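Reading through the structure tokens given below for one structure.
All of the numbers you see were taken from the coordinates with simple rules; none came from a lab. Quick caveat, the model's predicted, so the values are computed rather than measured. Every residue, glycine as well, gets a Cβ built from its backbone with ideal geometry; the counts of neighbours run over all protein chains shown.
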Amino acid sequence: NEIIGINNTRLVRLSSNLKIVAKGDFVFKSIFSRFSIFRRLFREQIYSKVLISSNEIVASNGSGLILVNLEDLTCKIIDTPKSFKKSLDLNVISINGIPHLIYSNYSQNQALRPLKIYVAPVDDLNNYRKYSEFNAELINHIHSYVQDPKNEDLYISVGDIDKTSGIWKLNKETNRMLPILVDGQKYRSVILEWVNGGIVLINDCPSADN
């Protein structure tokens with residue numbers, strides 16, 4: 001059995017022999033990669049990915065979203081908002097029983113500008129819309145999402161400032177966004193998982209034990 005994987009921006013097919021299907025950019029490799037400042041400015045990498053079907057994944061590569069077909073390794077650019085660059089987490093959630101891709105723009109956002117959350121039907125990924133929004137002066141960015149499968153409420157881990165870092169809940173019925181576990185850096189989490197009817201969080205506190 002063969003396994004298809006993504007290694008940074010390279011698509012590779014893993015079997016008895018490793019085969020590079022698409023190589024990185026020649027100009028970057030031969031010129032820009034020699035200087036650290038240019039490596040950071042011009043690099044591309046995979047920030048997040050999610051399996052949306054048995055043979056398709058969506059990946060965030062720093063300049064938008066791409067749809068990768070795992071059968072023939074073709075890639076298609078997905079329509080996204082003009083301001084969107086990358087998402088630290090991609091996930092599939094249910095909205096009224098219909099699977100949707102969910103994402104948001106990830107940046108340092110030091111100015112604490114409003115942050116929009118977008119969704120698009122898995123079978124119509126170009127048809128995105130705003131699903132919810134964090135108001136200004138609240139958060140820097142979103143780390144991850146997890147959904148309660150029973151009522152479709154959404155739990156969102158955010159960072160990085162003390163007063164709002166932690167887990168917020170988006171109520172499906174009221175569309176209200178409220179903090180539920182926010183108390184400084186100790187609840188600053190990067191990964192959320194739904195396990196046995198509850199949330200498991202893996203935190204990302206730079207100043208204490210994790």
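For trypsin sites (Lys or Arg not before Pro), the sites in region 72-119 that DSSP calls loop and that have at most 13 other Cβ atoms within 10 Å are Lys82. Extents of region 144-210, largest first, come to 36, 24, 14 Å (Cα atoms, principal axes, whole angstrom). Fully extending the segment from Lys186 to Ser94, taken as 0.36 nm per residue of separation minus the present Cα-Cα distance, adds 30.2 nm.
Using the Cβ-Cβ distance between Arg176 and Arg113 with R0 = 25 Å, the FRET efficiency computed as 1/(1 + (r/R0)^6) comes to roughly 0.75.
Proximity of backbone amide H atoms, modeled 1.01 Å from N, is registered between Ile117 and Tyr131, Ser132, Glu133, Phe134 at under 5 Å, excluding neighbours fewer than 5 places apart on the same chain.
Counting Lys and Arg as +1 and Asp and Glu as -1, what is the net charge of the other residues whose Cβ lies under 13 Å from the Cβ of Gln108? With Lys, Arg at +1 and Asp, Glu at -1, the neighbours total +2. The shape of region 76-201 comes out oblate: with a ≥ b ≥ c from the C-alpha gyration tensor, a/c is at least 1.5 while a/b does not beat b/c. Length gain on complete extension for the stretch Tyr47 to Asn151, per 0.36 nm per residue less the alpha carbon to alpha carbon distance? Contour length minus the Cα-Cα distance gives 34.5 nm.
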